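**Student:** One structure is given below, represented as structure tokens, and several questions about it will come after.
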Amino acid sequence: IAKEVAKLLEMKAQLGGDEGKHKFVLKTPKGTRDYNPKQMAIRERVFNAIITCFKRHGAEVIDTPVFELKETLTGKYGEDSKLIYDLKDQGGELLSLRYDLTVPFARYLAMNKITNIKRYHIAKVYRRDNPAMTRGRYREFYQCDFDIAGQFDPMIPDAECLKVVHEILSDLQLGDFLIKVNDRRILDGMFAVCGVPDSRFRTICSSVDKLDKVLEPWAAAAAGVTLSLCPSGQLLTVVCENCLEHGNEHGVGLVFPFLWREGTQSTVVTWEDWILCRLRRPARSWQMEGGDGGCSSTGGSASQTSPLSIGIERIFSILEQRVEASEEKIRTTETQVLVASAQKKLLEERLKLISELWDAGIKAEVLYKKNPKLLNQLQYCEDTGIPLVAIVGEQELKDGVVKLRVVATREEVNVRRESLVEEIRMRTSQ
């Protein structure tokens, strides 16, 4: 190797210096980032919590291509269509990277003529947007979608979506959180209770978003109900007992029993920025368009979707900051035991033992040295958080045992070779 390096350096000297040449800079593209093993361990923890919840509610998983035909995505996002990444012509097809998981899901339903499905989809999406990395806003990021598509009685699927949100955020222990319920019928119920004339509903809706301006008396009253009653939870009582009587035929009141019960501390309120999850209402409906497998958003009798999308990157940012602040030690592997040796010339015995453990489903490691020092092997376990060390020695081989060491307490016990797998499972399960 040294000779080859010397040859390359000699060739470089003959070609001249680097003056005036463009220097290659190693960096990630704008709006993207790498994730180290510690960060990935946190992300996996989040994904596992979300997937476990989705499966608990009976959702199936699907996947779609990372790019779609450009015509499938064009026009589906309004002004945001300019944020779609277009790809060069490949094989006669104009393609674009997916902007979200919703339109690909709609295309999937229409193309396969699916009328009923409860599915989740966790995958990366791409937006040619101005990134804000410190706020978890990227050009490449994950979306976690949960959708119930089909013909159902009003709001029952929506109620379950709210329950899913509550379970996930509670499981992740993010602290106090708000869940945004975005349904015009709830607001209409508030206006009705406050005496707003039906003819003014649409006008007042736009006014509620401008609380810093002068509102008409009934709009101010409606906004006052929203703002003053939310902190105490009385809003829910007002909505359930009074407001929703104007929209009960739509089943809007069903969303609240899932979230507001004795012992639940989260408040349901329409808010703006600090949103981790959102229900997109009114739900879209999708149907076949012609015979080409395209899809369109309609208001007809096609399958309705009750969609839920989780802003996963913001959750990651919160958890990463918490881990850094607490200096919590994050394990980046799930290794249960390190197979070590106490003397030299035992590499073959180490490899034989670790093969037995792997075959039994035990997560095990071995250092890639012929004759590693025992102290170095023990230190590796300390550094990586491996809880157990299975030590092979000359005497242990004669006695048909393995010395099992608990790293945290330094306790050592001799275990019969045939009982080692069961002992490791028992100790790591604790």
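The values are calculated or read from the model by the stated rules, or taken from the named source; none is laboratory data. Everything numeric in this text was worked out from a predicted model, so none of it was measured. Quick reminder, even Gly has a Cβ in these numbers, built from the backbone with ideal geometry, and neighbours come from all protein chains shown. Note: areas computed on protein heavy atoms with side chains; ligands, DNA, RNA excluded. Shrake-Rupley method; radii C 1.70, N 1.55, O 1.52, S 1.80 Å.
**Student:** If DNA, RNA and ligands are ignored and the probe is 1.4 Å, what is the ranking of GLU418, GLU167, GLU327 by accessible area, most exposed first?
**Tutor:** Details: GLU418 135, GLU167 35, GLU327 155 Å².
From most exposed to least exposed: GLU327, GLU418, GLU167.
**Student:** Here's another thing I want to ask about it. State to the nearest 20 debye the size of the charge dipole of the range 337-427 about its Cα centre, where the only charges are +1 on K and R beta carbons and -1 on D and E beta carbons.
**Tutor:** Details: 16 positive and 15 negative charges, 57 e Å.
Its charge dipole is roughly 280 debye.
**Student:** Out of residues 5 or more away from LEU95 or on other chains, whose amide H comes under 5 Å of its own, with H placed 1.01 Å from N in the peptide plane?
**Tutor:** LYS70, LEU87, GLN90
**Student:** Rounded to whole Å, give me the distance from the Cα center of the range 37-52 to that of the range 342-407.
**Tutor:** 29
**Student:** Going through the cross-link list LYS70/LYS113; LYS70/LYS163; LYS38/LYS70, which pairs have a Cα-Cα distance over 28 Å in this structure? Write down the numbers at each step before the final one.
**Tutor:** Numbers: LYS70/LYS113 21 Å; LYS70/LYS163 35 Å; LYS38/LYS70 37 Å.
Over 28 Å Cα-Cα: LYS70/LYS163; LYS38/LYS70.
**Student:** Once you list every other residue whose beta carbon is under 9 Å from the beta carbon of PHE141, what net charge do they have if Lys and Arg are +1 and Asp and Glu are -1?
**Tutor:** Working: positive: LYS124, ARG127, ARG137, ARG139; negative: GLU140, GLU313.
With Lys, Arg at +1 and Asp, Glu at -1, the neighbours total +2.
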